[in-house]
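Enquirer: The structure under discussion is supplied below as structure tokens; questions concerning it will follow.
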Amino acid sequence: MKVLITEKIPSSAKTILEGQGVEVIEFTEDRPMTREELLTMAKDCQGIISMLSNKIDKELMEACPQLKVVANYAVGFDNIDLAAARERGIKVGNTPNTLAETTAELALSLMMSVARRLPEAFANVKNGEWKRWLASGFLGRDLKGKTLGIFGMGEIGEAMAYKCARGFDMKVLYCARSPKKNAEEKLGAQKVDFDTLLQEADYISVHCPLTPETLEIFNKDAFNKMKKAPIFINTARGKVVNQVDLDEALKSGKIAGAGLDVTEPEPLSPESPLLKHANVLITPHIGSATHETRTNMAALAAQNIMAGLLGEKLPAEVK
Ligand code: NAP
């Protein structure tokens with residue numbers, strides 16, 4: 001049995017696979033594989049550990065007639081054509097229960113950094129502009145007691161809600177398709193409709209998957225409904241936001257700042273108008289990027305592969 005790992009990931013994956021007699025081939029260059037490289041290297045593999053940057057579509061599946069299982073090294077799976085996989089009996093896995101805390105920690109870091117204007121303040125020090133203590137310079141805003149609106153109250157959204165409610169006494173409003181009793185009982189979180197979230201939140205943090213319903217749901221219409229000039233945080237997917245409208249909302253002051261770990265496209269061009277705003281902080285999709293979490297993700301991806309190769313139920317199967 002042969003498995004392709006399409007990018008360098010922690011050795012926990014390879015150790016598990018090789019320990020079970022699987023031949024592992026890895027793409028180890030410090031860049032994403034090209035489409036041609038992916039098609040060539042995967043063609044006689046039964047399993048692929050794939051990254052978000054790998055399009056796993058019909059063409060690829062047809063080019064890999066022995067493919068039994070794809071384990072995405074991520075919780076999101078919008079890079080995979082699930083219907084095409086289902087048609088061919090190819091199982092698809094992802095890595096839930098491994099990265100929620102880590103990604104929520106990043107969302108919180110972005111929120112705190114933008115609230116306290118850390119990018120601007122650091123630039124001030126680096127550029128030699130720090131001359132004296134300022135009575136009125138770099139005034140930011142507090143988190144304590146403010147209202148947080150969470151769009152998408154799943155694993156990451158709930159982890160974020162917990163940190164903000166317990167750590168900063170924040171009132172939590174949320175949107176999801178189904179009520180979250182645990183967060184309501186333990187944190188006093190309230191499920192609200194989208195317009196209420198937009199109108200009442202001082203901070204908005206996005207944690208939904210990218211689907212046809214959430215595509216560009218944060219658009220001009222949504223930004224115009226925001227009443228409190230919130231700080232907007234997105235660690236979900238770039239495409240849930242219309243970036244032209246986001247730029248406009250920053251210019252007009254509809255929002256007070258933005259922290260983005262995801263953009264459209266990725267990588268974001270250094271020419272993007274978003275980078276011209278002092279109150280915007282953008283990170284290069286590093287939500288799950290800690291040693292601990294990536295090691296756990298690698299192990300789960302390998303377990304998904306092993307189960308798929310053996311025809312067993314995947315520990316984390318995408319249905
Ligand atoms: P999850 O547990 O599946 O939670 C998703 C939440 O979104 C659920 O509460 C779901 O509602 C809600 N939702 C789905 N469609 C919605 C809609 N149309 N309107 C309102 N709410 C909706 O996923 P997760 O693990 O928290 O991850 C969320 C997303 O974060 C992933 O899909 C991925 O794209 C992104 N992510 C990014 C990074 C990063 O590195 N920046 C890392 C991990 C994940 P129900 O619960 O009612 O179904």
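The values are calculated or read from the model by the stated rules, or taken from the named source; none is laboratory data. Treat the numbers as computed from the prediction; the structure is a model and nothing was measured. Note that we place each Cβ from the backbone using ideal geometry, even for glycine, and neighbour counts take in every protein chain shown. Side chains are part of the model used for accessible areas, which takes the heavy atoms of the whole protein and leaves out ligands, DNA and RNA. Shrake-Rupley method; radii C 1.70, N 1.55, O 1.52, S 1.80 Å.
Enquirer: Using the alpha-carbon centroid of each, what span in Å lies between the stretch 107-133 and the stretch 29-105?
Expert: Their Cα centres are 39 Å away from one another.
Enquirer: So which lysines can LYS225 reach, going by Cα to Cα under 22 Å and dropping same-chain residues fewer than 8 places off?
Expert: LYS146, LYS171, LYS191, LYS239, LYS251, LYS254
Enquirer: Only sites in a loop by DSSP and with at most 14 other Cβ atoms within 10 Å count here; which GluC sites (Glu not before Pro) in the stretch 56-152 make the cut?
Expert: GLU129
Enquirer: Would you list which lysines come within 27 Å of LYS313, measuring only between C-alpha atoms, while excluding same-chain residues fewer than 8 positions from it?
Expert: Once the sequence-local lysines are set aside, what remains near LYS313 is LYS2, LYS8, LYS14, LYS43, LYS55, LYS58, LYS68, LYS91.
Enquirer: Another question, then. Using the Karplus equation 6.51 cos²θ - 1.76 cosθ + 1.60 (θ = phi - 60°), what ³J(HN,Hα) coupling, rounded to whole Hz, does each residue of the stretch 154-164 give in order, writing x for Gly and Pro?
Expert: Result, ordered by residue: x, 4, 6, x, 5, 5, 5, 4, 4, 4, 6 Hz.
Enquirer: Hey, any idea what % of the stretch 1-112's accessible area is carbon plus sulfur with a 1.4 Å probe? Working shown, then result.
Expert: On the way: 2550 of 5060 Å².
Carbon with sulfur: 50 percent of the solvent-accessible area.
Enquirer: Which whole-angstrom value gives the distance between the alpha carbon centres of the stretch 1-21 and the stretch 260-305?
Expert: Comparing the Cα centres of the stretch 1-21 and the stretch 260-305, I get a distance of 23 Å.
Enquirer: Please give me, ordered by residue number, the trypsin sites (Lys or Arg not before Pro) of the stretch 51-94 that lie in loop per DSSP and have at most 16 other Cβ atoms within 10 Å. Before the final figure, lay out the partial values.
Expert: Values: sites: LYS55, LYS58, LYS68, ARG86, ARG88, LYS91; in loops: LYS55, LYS68, ARG88.
Loop-located and lightly packed - LYS55, ARG88.
Enquirer: Rounded to whole Å and ordered largest first, report the semi-axes of the equivalent ellipsoid of the chain derived from its Cα gyration tensor (root of 5λ). List each step's numbers first, then the result.
Expert: Working: eigenvalues 289, 95, 67 Å².
Taking √(5λ) for each eigenvalue gives 38, 22, 18 Å, largest first.
Enquirer: I want the local charge near ASP195. Using Cβ-Cβ distances under 15 Å, sum +1 for each Lys or Arg and -1 for each Asp or Glu among the other residues. Don't skip to the end; give the middle numbers.
Expert: Values: positive: LYS191, LYS220, LYS225, LYS227, LYS228, LYS254; negative: ASP193, GLU200, ASP221.
It works out to a net charge of +3.
Enquirer: In the stretch 188-282, which trypsin sites (Lys or Arg not before Pro) are in a loop and have at most 12 other Cβ atoms within 10 Å, using DSSP for the loop call?
Expert: On the way: sites: LYS191, LYS220, LYS225, LYS227, LYS228, ARG237, LYS239, LYS251, LYS254, LYS276; in loops: LYS227, LYS228, ARG237, LYS254.
Here the sparse-neighbourhood loop sites are LYS227.
Enquirer: So how tilted is helix 291-309 from the main axis of the chain? Cα-based, degrees 0 to 90, rounded to 10.
Expert: Rounded to the nearest ten degrees, it is 30.
Enquirer: Next up: Modelling each spin label as a point 7 Å along the Cα-to-Cβ direction, I'd like the THR34/GLU184 distance in nm, to one decimal.
Expert: Simple spin-label model gives 5.4 nm for this pair.
Enquirer: Under the rule of at least 5 residues apart or a separate chain, name every residue whose amide H is placed under 5 Å from the amide H of VAL280.
Expert: Residues meeting the criterion, in which the H sits 1.01 Å from N, are ALA258.
Enquirer: Sort out for me the Cα centre separation of the stretch 197-220 from the stretch 222-237, rounded to whole Å.
Expert: 7 Å
Enquirer: With a 1.4 Å probe and all protein chains left in place, how much of the accessible area of the stretch 184-266 comes from carbon and sulfur atoms, in whole percent? Present the calculation step by step, with values, prior to reporting the outcome.
Expert: Working: 1670 of 3540 Å².
Carbon with sulfur: 47 percent of the solvent-accessible area.
Enquirer: Rounded to the nearest 5, what is the percent of antiparallel bridges among the DSSP beta bridges in the chain?
Expert: Values: 1 of 39 bridges.
Of all bridge pairs located within the chain, approximately 5 percent are antiparallel.
Enquirer: How far is helix 100-115 tilted, in degrees, relative to the longest principal axis of the Cα atoms in the chain, given as a value from 0 to 90 rounded to the nearest 10?
Expert: That works out to roughly 30 degrees.
Enquirer: When all protein chains stay in place, what accessible area (Å², nearest 10, 1.4 Å probe) is found for ASP169?
Expert: Solvent-accessible area, nearest 10 Å²: 90 Å².
Enquirer: Counting only heavy atoms of the protein chains, get the accessible area per residue of the chain (1.4 Å probe) and round it to a whole Å² value.
Expert: On the way: 15650 Å² over 319 residues.
I get 49 Å² per residue for the chain.
Enquirer: Near GLU129, within a Cβ-to-Cβ distance under 15 Å, what is the net charge of the other residues, with Lys and Arg +1 and Asp and Glu -1? Walk me through the intermediate numbers first.
Expert: Numbers: positive: ARG117, LYS126, LYS131, ARG132; negative: GLU120.
So the environment of GLU129 carries a net charge of +3.
Enquirer: What number comes out for the charge environment of ALA183, summing +1 per Lys or Arg and -1 per Asp or Glu over other residues with Cβ under 13 Å away?
Expert: Working: positive: LYS163, ARG166, LYS171, LYS180, LYS181, LYS186, LYS191; negative: GLU155, GLU158, GLU184, GLU185.
Within the 13 Å Cβ shell, the charges total +3.
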